[in-house]
Structure formats: C-alpha cells, structure tokens
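To start, the structure itself, in structure tokens.
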Amino acid sequence: MSGTDPNDDLVPISVRLGEVVPPEDPEDWTRPLTWVAALGMLASPIIALAWFAVSPPADAARALPATYLVAMGLTAGASATGATQIGAARAGTATLGAGLFGALVVIVIGAVTAGERQIGSASPTLAHAFAASAGGVIGAAIGALMAATVARLGSRTLRLLPALVVGVAGAVFVVGQLL
C-alpha cells in the first residue's frame, strides 16, 4: 500500500495484511453505550409489540395516543443512538439508520400481529404501525440533521436533547397529518 508503513501500529491489521480479517476485539456488550444504541433501535418496536399484543387498535379512523407514543419512541430511540456517536457524519447517520431500522421492525410487527387480512384497505394494526413509522422516520430525519449540527458538543445529554426535541415535534406533526 502506498504511503503506509507496515510496522505502524496505527494502521489497522486488515490494511497491513492487504485483506479484510475479522476484528481482533469484537464489540464489547459490557459497555453502556452499546446498550444505549441497541435499546435506542429497539425502543419503538418493543412499545409497538406490547401495544399490539395487549390491546390492538380496532380502527384506523384517527391516531391513538399509542400511535403517537410509538412514533415518539422511534424518534427518541434514534436520537439516543445518534447521541452515542462523535462526529457529524456518524451522529447523523446513526440517528437516521436507527430510525429506519426501528420503523422497519414496527411495520413488520404490525403486519404479523394484524389478525385479519383485508382487501382494499390495511388492517388497523398495520395502518397505525405505518403512520407511527412514517412519523418516526421523519422525526428521525429531522433529528439526524440536528444531531449532525450539535455533534461537536462535549456532553452526550447536550447532543441528545436538541435532536430529541425537534425530532419528536416532527414525528407528532406527521402522525397527526396521516391519521
């Protein structure tokens, strides 16, 4: 490789060997930030699963408080995941990526827990899952922009709060427009 010294310890082993090798130390699940990121991505799916298992929606005429809760949980979890990252690109992509992952899982949960299949319209469970996911993804996208903006702040709390506030506001607005 041009420009790299093979004896330099700062160069990753995969670059020194010229091929991709498994990491020497896989992700350590004992670190708190790993759990924050994992729970951030799974917060909204856990809320949706509990809602659809205990008391699924009967109709899709209007947004229910739980619809807003799932959307806000998706945005809050994505914002928490993004706040674990340092750097604008990492914070923004982590926030948006966590939001997209959470939304996909919420929609899958909505489809799986929909007791009936309907022709011409979606089941209420799937309709609420879609509205919450769409609102949550829009909120996560807004939060990702804010996370990238405040990524240089030293405190994780200061990085989380602005993305959380603007993201949740966007999610609530979108859910209100959809149902």
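The values are calculated or read from the model by the stated rules, or taken from the named source; none is laboratory data. Every value quoted in this text rests on a predicted model; they were computed, and no experiment measured them. Every residue, glycine among them, receives a Cβ derived from its backbone with ideal geometry; neighbour counts consider all protein chains shown.
Within the range 95-103, not a single residue is in a loop (DSSP other than H, G, I, E, B), under 18 Å from L178 (Cβ atoms) and touching a Ser or Thr at 6+ places or on another chain (Cβ under 6 Å). If a residue must be without any contact (Cβ under 8 Å) to a residue 60 or more places away in the chain and of a type in the set (S, T, Y), how many such residues does the range 124-156 contain? Going through the range 124-156 one residue at a time, the tally reaches 1. Across the range 88-123, the qualifying residues are those that are touching a residue at least 40 places away in the same chain (Cβ under 8 Å) and β-branched (V, I, T), and the one among them that is surrounded by the most Cβ atoms within 10 Å (Cβ to Cβ) is T95. Screening the range 124-165 for residues that are in contact with a Lys or Arg (Cβ under 7 Å, 6 or more places away or on another chain) and modelled with pLDDT under 90 and picking the one that is farthest from A61 (Cα to Cα) gives L153.
Kindly indicate whether any position in the range 110-129 is touching a His at 6+ places or on another chain (Cβ under 6 Å), under 27 Å from A37 (Cα atoms) and among the polar types (S, T, N, Q).
So in the range 110-129, the residues touching a His at 6+ places or on another chain (Cβ under 6 Å) come out as none.
No, there is no match, as no residue in the range 110-129 is touching a His at 6+ places or on another chain (Cβ under 6 Å), under 27 Å from A37 (Cα atoms) and among the polar types (S, T, N, Q).
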